[in-house]
Amino acid sequence: MELRAQRLIRDVPDFPKPGILFKDITPVLGDVQAMNEIIEQMATFACSRDVDVVAGIESRGFLFGTPLALRLGVGFVPIRKLGKLPADTVQAEYALEYGTNTVEIHRDALQPGQRVLIVDDLLATGGTAGAATQLVQALGAEVAGFSFLVELEFLHGRRALTGFSVQSLICY
């Protein structure tokens, strides 16, 4: 079954730099039917994973993770870029094409044993998702799975998530 969102995602050539074909999800965000389908699909997956908390990766993971958490009746935890959280944090670094980046989570955001669904808009190389896994595990919580709107299969991001349940609603 094709999701309405798949017809709405637009390709933007040469963004943010020449040679990149960017998958723009902003038309999806403005379509209530598409968003409802996405959240419903993610919720069905989450229910099968016995989720206690949803963690969204900055920033587009917040757009799907927050309504998903509300639908599930569980809390939402942001995983943010370095320097964006005000209290004590745990950090994880991951590799980029040129250099590294860091994400962080509040040290008190999760409790040991909680089952966490990590949500983001896109699975590419798996670097950010892998770093999010490190953060969740560092706090003693368990990764219950991952849910993505889009997966770029040719970048083999699932390899970084071996051993975890991964849901991708749209694959390219």
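Just so you know, all these numbers are worked out from the coordinates, no wet-lab data involved. Since we're looking at a predicted model, the values are computed, not measured.
Quick query: amide H of Val166 versus all other amide H atoms, modeled in the peptide plane; which residues come in under 5 Å with a sequence gap of 5 or more or a different chain?
Long-range HN contacts for Val166: Phe146.
Given the chain reduced to its alpha-carbon atoms as identical point scatterers, what log10 I(q)/I(0) does the Debye formula return at q = 0.15, 0.17 Å⁻¹?
Debye output, listed in q order: -0.82, -1.06.
Considering only DSSP beta bridges whose two residues both sit in the chain, what percent are antiparallel, to the nearest 5? Don't jump to the answer; show the numbers that get you there.
Working: 14 of 36 bridges.
Here the antiparallel bridges make up roughly 40 percent for the chain.
Run lengths n ≥ 4 of DSSP H only: what is the helix-derived mean residue ellipticity at 222 nm for the chain, with -39500 (n - 2.57) per run over all residues, to the nearest 500? Provide the component values of the computation, followed by the final result.
Numbers: 5 runs with 51 residues, N = 172.
Roughly -9000 deg cm²/dmol at 222 nm, from the helical runs in the chain.
Determine the distance separating the Cα centre of segment 96-128 from the Cα centre of segment 146-167; give it in Å without decimals.
Centre-to-centre distance over Cα atoms comes out at 13 Å.
Aspartates and glutamates near Lys81 by alpha-carbon distance under 19 Å, same-chain residues fewer than 8 away left out - which ones?
Glu58, Glu93, Glu97, Glu104, Asp108, Asp120, Asp121
Once a ≥ b ≥ c are taken as the square roots of the eigenvalues of the Cα gyration tensor of segment 61-106, is the result rounded (a/c under 1.5), prolate (a/b larger than b/c) or oblate (a/b not larger than b/c)? Before the final figure, lay out each step's value.
Values: a/c = 3.38, a/b = 1.75, b/c = 1.93.
It comes out oblate by the Cα gyration axes.
Short version: ³J(HN,Hα) in whole Hz for each residue of segment 128-137, in order, from phi by Karplus 6.51 cos²θ - 1.76 cosθ + 1.60 (θ = phi - 60°), x for Gly and Pro, what are they?
For segment 128-137, the Karplus-derived couplings read 5, 5, x, 5, 4, 4, 4, 5, 4, 5 Hz, x marking Gly and Pro.
In whole Hz and in residue order, list the ³J(HN,Hα) couplings for segment 146-153 that follow from phi through the Karplus curve 6.51 cos²θ - 1.76 cosθ + 1.60, θ = phi - 60°; x for Gly and Pro.
10, 10, 10, 6, 10, 10, 9, 4
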